[in-house]
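Here is the structure we will look at, set down as structure tokens.
The values are calculated or read from the model by the stated rules, or taken from the named source; none is laboratory data. In this text, all values refer to a predicted model and were calculated from it rather than measured experimentally. In this analysis, Cβ positions are derived from the backbone assuming ideal geometry, glycine residues included, and neighbour counts consider all displayed protein chains. All accessible areas refer to the heavy atoms of the entire protein, side chains included, with ligands and DNA or RNA removed. Shrake-Rupley method; radii C 1.70, N 1.55, O 1.52, S 1.80 Å.
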Amino acid sequence: MTATPDDEPVHYARQGPIATVTMNRPDYRNAQNSAMTYALDRAFYRAADDGEVKVVVLAGAGRHFSAGHDIGSPQRDAHLPFERRAGLWWDHSDKEGAESRFARESEVYLGMCRRWRELPKPVIASVQGACVAGGLMLAWICDLIIAADDAFFADPVVRMGIPGVEYFAHPWVMPPRIAKEFLYTGDRMSARRAYEVGMVNRVVPRDELAVRTEELALRIAGMPRLGLALAKRAVNQAEDLQGLHTGLDSVFGLHHLAHAHNAETSRDALGGMDIARMKEAGS
């Protein structure tokens with residue numbers, strides 16, 4: 001078994017054919033700063049390169065899977081440069097306005113998620129507690145989602161005047177009318193409701209989440225590696241033929257139109273919404 005230090009934003013551990021990638025900012029409900037995002041990228045590359053790994057599990061430490069993008073923790077680092085990995089857009093940190101935001105989000109949100117979706121090994125999201133906004137993107141790039149019975153899902157960014165998170169897979173992971181209700185209200189969707197609309201594969205008791213996830217991962221790991229990789233590619237290609245790839249591009253543009261509008265008409269690109277205001281709006 002291999003593991004990463006306890007103070008890293010992402011833990012990586014391999015047990016037999018299963019690599020478990022765990023987001024490790026539990027004090028901030030695993031809100032994703034850039035340090036975490038790039039650590040996730042390194043962990044997924046590590047799992048892809050390890051010939052002993054057949055299945056990857058994505059999990060979150062603590063009570064929650066992920067509360068989304070970091071918009072207010074002490075380690076928020078959106079202004080800092082990082083070595084670019086997901087595309088050829090220039091560094092955002094010395095740019096201003098839409099040029100900066102579009103370049104950064106093309107890299108750490110849309111670009112990273114697209115590449116992780118193509119990891120040629122099955123990836124299972126093991127979700128408890130909050131899976132909100134940017135947390136949805138991480139769950140949605142996974143091939144399967146197992147949810148604890150205390151899990152809930154929400155994309156409340158329409159409260160910012162923004163049409164949804166950057167990886168806009170909503171009409172593919174749930175029926176379009178359900179996606180509209182999900183976005184228009186910003187309400188939480190329970191694990192049971194997510195199962196009913198086909199967004200998650202299984203709902204299990206919270207105290208059985210890790211065990212039930214491992215059971216499924218081991219079952220899948222018994223299949224031939226190439227067969228799994230080709231089956232994943234076949235289904236992903238079918239989704240892309242149904243418009244997922246071009247849909248993501250088109251809505252990413254709308255997302256940034258909303259940011260630009262906010263920047264012109266309010267105090268910032270998030271429409272003046274911070275963590276406290278988002279909580280108030282959701283109450």
### Summary
In degrees, nearest 10, the alpha-carbon axis of helix 34-49 is tilted away from the dominant principal axis of the alpha carbons of the chain by 30
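What number, rounded to the nearest 500 deg cm²/dmol, is the helix-based mean residue ellipticity at 222 nm of the chain, given -39500 (n - 2.57) per DSSP H run of at least four residues and division by all its residues? Don't skip to the answer; put the middle values down first.
Numbers: 11 runs with 118 residues, N = 283.
Dividing the helical sum by the residues of the chain leaves -12500 deg cm²/dmol.
Assuming R0 = 25 Å, can you tell me the calculated FRET efficiency for the pair Ala98 and Arg267, based on Cβ-Cβ distance, to the nearest 0.05? Each step should come with its number before you reach the end.
Details: r = 16 Å, r/R0 = 0.65.
It comes out at approximately 0.95.
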### Task
Convert each backbone phi in segment 162-176 into a coupling constant with the Karplus relation 6.51 cos²θ - 1.76 cosθ + 1.60 (shift: θ = phi - 60°), then list the ³J(HN,Hα) values in order as whole Hz, x for Gly and Pro.
10, x, x, 5, 5, 9, 8, 9, 3, x, 9, 8, 8, x, x
### Per-residue SASA entry for Glu83, accessible area with 1.4 Å probe, Å² rounded to 10
140
#### Entry: Residue of Val157, Val235, Val173 that the Gaussian network model of the chain assigns the largest fluctuation, springs spanning Cα pairs under 10 Å
Val235
### Relative contact order %, segment 98-173, counting alpha carbon pairs below 8 Å whose residues are six or more apart
30
### Summary
Non-local residues with an amide H under 5 Å from the amide H of Val204, with H modelled 1.01 Å from N and Pro and chain starts lacking one, are Ala147, Ala148, Asp149
### Query
Once amide H atoms are placed 1.01 Å from N in the peptide plane, what residues at a sequence separation of 5 or more from Arg25, or on another chain, have their amide H within under 5 Å of its amide H?
Asn30, Ala61
### Query
Given the Cα-Cα distance of Trp89 and Leu257 and 0.36 nm per residue of separation, how much length would full extension add, in nm?
58.7 nm
### Helix 209-221 axis, angle to the chain major axis (alpha carbon atoms, nearest 10°)
60
#### Entry: the chain - percent of accessible surface contributed by carbon and sulfur, probe 1.4 Å
54
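Suppose we keep just the DSSP beta bridges with both residues in segment 2-129; what percent of those would be antiparallel, to 5?
Details: 7 of 17 bridges.
Antiparallel bridges make up about 40 percent of those DSSP assigns within segment 2-129.
With every protein chain present, what is the per residue accessible area of the chain (1.4 Å probe, Å²)? Intermediate results must be reported in sequence, preceding the final value.
Working: 13530 Å² over 283 residues.
That works out to 48 Å² per residue.
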### Task
Can you tell me the 0 to 90 degree angle between the C-alpha axis of helix 244-265 and the longest principal axis of the chain, rounded to 10?
30
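Using +1 on the beta carbon of Lys and Arg, -1 on that of Asp and Glu, and nothing else charged, what's the dipole of segment 1-146 about the Cα centre, debye to 20?
Numbers: 17 positive and 19 negative charges, 83 e Å.
Computed charge dipole of segment 1-146: roughly 400 debye.
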### Task
For Phe82, tell me the accessible area in Å² from a 1.4 Å probe, rounded to the nearest 10.
60
### Task
May I ask you to evaluate 6.51 cos²θ - 1.76 cosθ + 1.60, the Karplus curve with θ = phi - 60°, for each residue of segment 136-141 and list the ³J(HN,Hα) values in order in whole Hz, giving x for glycine and proline?
4, 4, 5, 5, 5, 6
### Task
Considering only DSSP beta bridges where both residues belong to the chain, give the percentage that are antiparallel (nearest 5).
30
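Of Ile220, Ile71, which has the most accessible area and how do the rest follow, probe 1.4 Å? Don't skip to the end; give the middle numbers.
Working: Ile220 30, Ile71 50 Å².
I get Ile71, Ile220, largest accessible area first.
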### Summary
HN-Hα couplings for segment 9-23 via Karplus (6.51, -1.76, 1.60; θ = phi - 60°), in whole Hz with x for Gly/Pro, come out as x, 9, 9, 10, 9, 10, 10, x, x, 10, 9, 10, 10, 10, 5
### Query
Got a number for the accessible area of Arg84? Probe 1.4 Å, square angstrom, nearest 10.
60
### Query
Given 10 Å bins starting at zero, what is the percent of C-alpha pairs of the chain in each, up to the one with the largest pair distance?
6, 30, 39, 21, 4, 0
